[in-house]
Each structure stands twice: as structure tokens, then as C-alpha cells.
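First up is the structure itself, then whatever we jot down about it.
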Amino acid sequence: MTIPDEWGPRMHRCDTCQVIEAAVRAAGVPPFHAMAMSREASALEASGHRILHLEVGQPSTPLPSTAREAVGRHLDRPLGYTNAAGLQSLRRRLADRYDQVGTERILVVAGASAGFTLAFLTLFEPGDRVGVLEPGYPCYRNALIALGMTPVAIPVGPDTRWAPTPEHLDRAGELAGLVLASPSNPTGTILSATALADVTATCRARGINVIADEIYQGIVDGPPAARVLDVHPDAVVVNSFSKYWSMTGWRVGWIVVPDSLIDTVERLQQNLYICAPHVSQIAALGALDATEELDGHVARYRENRAIVIDGLAAAGITDIAPADGAFYVYAHVPHLTSALGIDSLELTRRWLHEAGVAATSGIDFDLARGHEYVRFSYAGAGEDMAEACDLLGRWRP
């Protein structure tokens, strides 16, 4: 098959071998254990068991009131396709959140997941080596595998406060890209302005594309987190209304791209997704006016964080990452896994079935070391957090 030149330089010949290779890649994509745990927990609930959910990073708070009102005003109007890049009014409001970013650089997408797919397809070729931090959100790695790219694990730990350094990049070898997240999932670590500047400067010097996940930027325990565009204007930023705005099920987010990539990303959006859901874009536009309500949620997360840290300590789990932002506690539990002769995946399954507490194994986030770690989400109700920690403290294998 001959590909016409006008289709663009990133189009490639597709033959039977490539189709087979793609099918093999798809079959080899690892599971997302947090969602698998959620499915198992839901099945137990359906059979009458009481389950306390600390496994999924999903706010328990409803759609912001201003978003509900905005949607209500539009339900009697046509809600069809929008422009591929999204509603112009929403793009303008999102551009206002950044210094020196024009509306044309903002594209509204169907959640951060779609944003990462668009970024990876735009920036990388099959086989390219892309750095992903471990521990880190597993879907970066898994999406790269599905797209035929090569995720390169970059292990970080408490010695650098779970932050990547130029030395980490030295050890990773040649990279086409690096995915950063601040605040991070699962550790909740925020990259300082200095750490962010150092690692992105190294990327710029070596021609490494930077993709920044800033989905948890609004959920911090202290001053606002440093943003990647302040130190690296050509980075690609992915964000979403899922976390701070409590809109996980609405599947709407945005991506900020350099001028040189706007056309490519928009063409991919046209062909892969057409556009983000119109009604979700209306809700997102309304949600931008809910700052007071949403900051109240952040204050509640801060209270939940203290409940979980204190409750886990009472249960004998004290070795945790800093948890500066997001709504997670990432705990080191070798005293449990080693004593029982099991990994954290089996440990969390036993907690689910024997204590009624759902948490996520660190194997999701770190293939090499995650067998000794567990992530707890404190995005739910504080009383549930306290009860869950009490149950873990009383649990006896």
C-alpha cells in the first residue's frame, strides 16, 4: 500500500505484519490493578459485603454546583459535535490559567487519558524510548506499550524525595521523551521549582521531549506547585477536570502543546475522538467558577490525609512517602509482606476479603519494588478513612 505524500510525514505503511504486531502488543498490555481491585470490591458489595474504598483516586464529591447549573441551562439545546479542539469559550478560560499561552495552544480532550494518547502519538515513533518514573501512574507505561513505544523505568525513591534528577536521566540512557507528574500519583510528591528546572533543563539540552501530568495541581498541602511551562515553555502539559473539579466520569480535560504541534494534535483528535463530549465541555466551563466550593474539597482532603497517616501509624504502617499533594498515601509494608511470604497484590486481596478494605498494590506503580508497597486513596469520606484504618489495625492474618 502506498501512502500519499499529502497525508503527512507521520503516516506509515500498514501491512499484515504490522497489524499482527499491534495485536500482540495490545494483548500484552498489563492490567490496571487499581481498577481490577475496584471491580472485585464492587462484586463483593453487590453480594452484600460492606467495603471501604481506598483503592481508586476518585473524589466522592458531586459535580460542582456551577457546573450542574450550566448543564441544566443547555439540556434543551442541541448538544452535537464541537470543533475538534473544543469550545472556544472553554479554551479561552483555560488559556487564562497560564502565562503567555494563547488559546490556540489549548485543545480540549476526552480526559487526561486521551491527552496522553495524543501526546505520545504526536511526539514519538514506534520503538522510541520514553522515560517513566517508578513509582508512577501505570497507564503511562501501558499506553506506551500499546502504541508500540518502549517505556523506560526510571526508579526514584526517598533519597531524592521521590523526584527525578539529571543523574537519573544519565542512568536511563538515550531517551526520546520523559513523563513527569507533580503532584505525583502514587506518592503525592511535589517537584520543587529547582528540581523541575534541573530535570527539564537536562531534557532540553539532550533533545528529550517533556510531557507533564499536572492533573493534581489544584490539590496541594501548601503553596501552589511549580508548573512545567514556567521553566520549559515547549513542554506538553496534560490536565483534566477529574480530580480537583470532581468530574472523573465526565471524561474531559485539556492538553497544552507548542505552536509547532497544534495542527498535528488537532488532526489526530479529529480522527481518533472527533471531540470531547459537548455536555462535558459545558460542565467544565461552569466548573471553572466553582473555586470556593472546590477549595473546600481540598481542605477536606487535607483532613483526610491526617486521619489516614495517623490511622495507619496506629496500625503499624509508618514508612510512607511525603504526600505533599494529590490524595494518596504510598506506604512501604515489607514487615507485612515478608512476614506473610506474600507480595502486596496478595496482601491487598486479603485485606479486601478479610477486612473489607480495598487498597491498591504498589505493583501497579513500580514493577521492580512495588511488591512491598501499597497505595491508599483518601479522596472519600473521612469517617470511612478512619474506619478502614481501624479495621487494618485489628486485622490478623
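Judged by the mean number of other Cβ atoms found within 10 Å, the most tightly packed of the peptides 220-229, 85-94 leads the ranking 85-94, 220-229.
The angle between the Cα long axis of helix 291-314 and the longest principal axis of the Cα atoms of the chain comes to about 40 degrees, rounded to the nearest 10. Charge tally around Asp324: other residues with Cβ under 13 Å, Lys/Arg +1 each, Asp/Glu -1 each, net +2.
Backbone geometry of segment 190-202 corresponds, through the Karplus equation with coefficients 6.51, -1.76 and 1.60 at θ = phi - 60°, to 3J(HN,Hα) couplings of 9, 6, 5, 4, 5, 4, 5, 5, 5, 6, 6, 5, 5 Hz, x marking Gly and Pro. For the chain, the longest principal axis of the alpha carbon atoms and the long axis of helix 16-27 meet at an angle near 30°.
Electrostatic tally near Tyr378: other residues with Cβ closer than 14 Å to its Cβ, Lys and Arg +1, Asp and Glu -1, net -3.
Rounded to the nearest 10 degrees, the inclination of helix 65-74 to the longest alpha-carbon principal axis of the chain is 40 degrees. Summed over the residues of the chain and divided among them, the accessible surface reaches 43 Å² per residue at a probe radius of 1.4 Å.
By the compact-protein rule of thumb, 2.2 N^0.38 Å, the alpha-carbon radius of gyration of segment 20-130 corresponds to a ratio of 1.50. Using every pair of separate Cα atoms, the Kirkwood estimate puts the hydrodynamic radius of the chain at 22.0 angstrom. Among beta bridges identified by DSSP and lying wholly in the chain, the antiparallel ones come to about 45 percent. Just read off the accessible area of Asp99 with the full protein assembly in place, 1.4 Å probe, to the nearest 10 Å². Estimated to the nearest 10 Å², Asp99 gives 120 Å². Ordered by solvent-accessible area of protein heavy atoms (1.4 Å probe), largest first, the residues Arg105, Arg369 come out as Arg369, Arg105.
The peptide list 68-76, 256-264, put in order of mean Cβ contacts within 10 Å with the highest first, becomes 256-264, 68-76.
Between Ala43 and Ala201, the simple spin-label model (points 7 angstrom out along Cα→Cβ) gives 5.2 nm. In this view, the solvent-accessible surface of His332, computed with a 1.4 Å probe and all protein chains in place, comes to about 40 Å². Protection proxy ranking for 39-45, 111-117, using the average of other Cβ atoms within 10 Å per residue and placing the highest first: 111-117, 39-45.
Karplus-based coupling profile of segment 389-395, in residue order and whole Hz: 5, 4, 5, 5, x, 8, 5, with θ = phi - 60° in 6.51 cos²θ - 1.76 cosθ + 1.60 and x standing for Gly or Pro.
The values are calculated or read from the model by the stated rules, or taken from the named source; none is laboratory data. All values reported here derive from a predicted model rather than from experimental measurement. Every residue, glycine among them, receives a Cβ derived from its backbone with ideal geometry; neighbour counts consider all protein chains shown. Note: areas computed on protein heavy atoms with side chains; ligands, DNA, RNA excluded. Shrake-Rupley method; radii C 1.70, N 1.55, O 1.52, S 1.80 Å.
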